[in-house]
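The values are calculated or read from the model by the stated rules, or taken from the named source; none is laboratory data. As the structure is a computational prediction, the values presented were derived from the model and not from experiment. Ideal geometry is used to build each Cβ from the backbone, glycine not excepted, and the neighbour counts take in all protein chains shown.
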Amino acid sequence: MKIALVQCPMFNVRMPQLGPAYLKSNLEIGGHNVIQFDFNISLYNSLEEENRAYWNYEFEMKWTKNSIDSERLEDIETQINEDIQFLSEPTLEGWAEDVIKSQAEIIGFTIYYSSAKVSILLAKKIKQLDKRRKIIFGGPAILSFLDVPRDNTVGLTMPINNILKMVDVVVAGEGEEVILDVVERLKENKTFKGCLGVIVNENDSLVVNRLRLPNEKLDLLVFPDFSILNSHRFTDKGFLPIIASRGCPNRCTFCDFPYLDRYKLRFRSAKNVIEEIKWQIGKHKIQFFHFNDSVINTNLGFLNEICELIIREGISIRWGASAIINAEMNKVLFDKMKQSGCEYLSFGIESASEKVLRDMRKFFRIETARRNMIDCHDAGISVCTNWIIGYFTETEDDFKQTLRFIEENINYINEIDVALFSIKPHTYVYNNYKKLGILFDKKSNWYVLNKKNNYKVRSRRLRKFRQFQEKLGTNMNNRIGGVRD
């Protein structure tokens, strides 16, 4: 069958998306003809610099405002037209026509929270042009829109009910295995009962299946296909994502990764990771890799093995990743990482207040963070730091501690990324917000009982942080890390 894979705005424009690349490989191994449409990067590339700013953190609410569980679907178009005026009706209609002209019988959308609304609008346009086309929605946001306890039974929510009005199949969880099953059932017009990870309306009856268990054998995954590089221009030229693991061992109170990864940490073998690196270099003649792992340094023996294999086999690459503060890391390992091509590490420090760190369940000392930063910098690896402003227990003094720490260690910091604290579904804070003394106003902005932390307070702190960055002259990238020439 001919299958189209679609990515709508708004999401990362640095490099191709990893999820669709894995799906493309699996579908083509299964004998299907796959075409990709990345309307996210094509729209970004068509815009002037002023509108490209909408892909920065400050504008994310423009794409996500008024979640799809609290409004009528027909209101989405009005909201998008008001907040994102460059995304015009003719543009959406043109995208829909392009997909239809491809003659794809099945159209799969990768859904992120920030791309959900535009995806729904485009799916609606496609169905208006040809109702026979089968549309699948999958991706990380689908699990976010569901309530799935640890036993993997699926509880429906309003967002999924709304989505099912526009699409034929909703897939929750990792897609590499289930996509072939879904395509086969659509092709043969078979029932979806028993198709794990799938939700459909079938014969006027809702079929809700349990999630599939996460894949434990990551070495068996077909290498992702990034042939989209031949037709799309991403902002970081010659830059590809790769994973060495899935999942995260940490349980930070603000993070939904454990829920999305079903509370499992799984690793590829170091040998398999190196085999893919060499394969991608041979196919695409690229040199830069970003590890999409939640964090690269949870298993230091594994990380050390990857570095040693790169060095031993003389593989010339440059790479970067996200990292946790880890008291077991030392200068020897940082030096080896640099020798293997590591250009940057993005540390999720979040706060320099020991109290706030404990409240976040980030169990490291701020002195350890300082030592990791210094050792990383001294090895010649760029230090990127991530900070969260306005955590619900953060006081003005806690905030000032963060500013002081950054100023005292600015000589070891190459880049600073900052975000306002938000309460995401399926996090500890979200699940316990009443017990934690958090309330919401009529605009869905949260605040604490004593009103000492509300949206106005947090916004003021963020402005002060931005002014602080400008004063220090640090890089204020809205991305995580980056290779520097």
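Here is how the numbers come out for the structure above:
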item	result
Qualifying residue in the stretch 13-21 (condition: polar (S, T, N, Q) and within 22 Å of W279 (Cα to Cα))	yes
I438 being touching a Leu at 6+ places or on another chain (Cβ under 7 Å), touching a residue at least 12 places away in the same chain (Cβ under 8 Å) and either surrounded by 19 or more Cβ atoms within 10 Å (Cβ to Cβ) or within 24 Å of Y259 (Cβ to Cβ) (or both)	no
Among (1) of a type in the set (A, V, I, L, M, F, W, C); (2) modelled with pLDDT of 90 or more; (3) buried (at least 17 other Cβ atoms within 10 Å of the Cβ), the one test that F86 misses	(3)
All positions within the stretch 205-223 that are of a type in the set (D, E) and out of contact with any strand residue (DSSP E or B) (no Cβ under 8 Å at 6 or more places or on another chain)	D219
The stretch 167-191, residues that are out of contact with any strand residue (DSSP E or B) (no Cβ under 9 Å at 6 or more places or on another chain), over 19 Å from A21 (Cβ atoms) and assigned to a helix (DSSP H, G or I)	E184, E188
Residue among N372, N386 that alone is outside any loop (DSSP other than H, G, I, E, B) and touching a Gly at 6+ places or on another chain (Cβ under 6 Å)	N386
Count - residues of the stretch 367-395 that are surrounded by fewer than 18 Cβ atoms within 10 Å (Cβ to Cβ) and either aliphatic (A, V, I, L, M) or in contact with a His (Cβ under 9 Å, 6 or more places away or on another chain) (or both)	1
Tally of residues being touching a strand residue (DSSP E or B) at 6+ places or on another chain (Cβ under 6 Å) and of a type in the set (A, V, I, L, M) across the stretch 92-139	8
Residue match in the stretch 54-65 (condition: under 21 Å from F145 (Cβ atoms), surrounded by fewer than 21 Cβ atoms within 10 Å (Cβ to Cβ) and touching a Pro at 6+ places or on another chain (Cβ under 9 Å))	no
Search result, residues across the stretch 253-279 that are part of a loop (DSSP other than H, G, I, E, B) and in contact with a Ser or Thr (Cβ under 8 Å, 6 or more places away or on another chain)	T253, F254, C255, D256, D261, L265, R268
Residue in the stretch 298-320 that is aliphatic (A, V, I, L, M), surrounded by 22 or more Cβ atoms within 10 Å (Cβ to Cβ) and closer than 17 Å to T385 by Cβ present	no
Near pairs, Cβ below 6 angstrom, 6+ apart or cross-chain, from the stretch 20-34 (assigned to a helix (DSSP H, G or I)) to any residue that is of a type in the set (S, T, N, Q)	P20/T110
Of all residues in the stretch 406-451 being part of a helix (DSSP H, G or I) and under 24 Å from the mean Cα position of the chain (by Cα), the one that is nearest to G473 (Cα to Cα)	V429
All positions within the stretch 122-143 that are part of a helix (DSSP H, G or I), in contact with a Leu (Cβ under 9 Å, 6 or more places away or on another chain) and either surrounded by fewer than 22 Cβ atoms within 10 Å (Cβ to Cβ) or without any contact (Cβ under 8 Å) to a residue 24 or more places away in the chain (or both)	K124, K125, P140
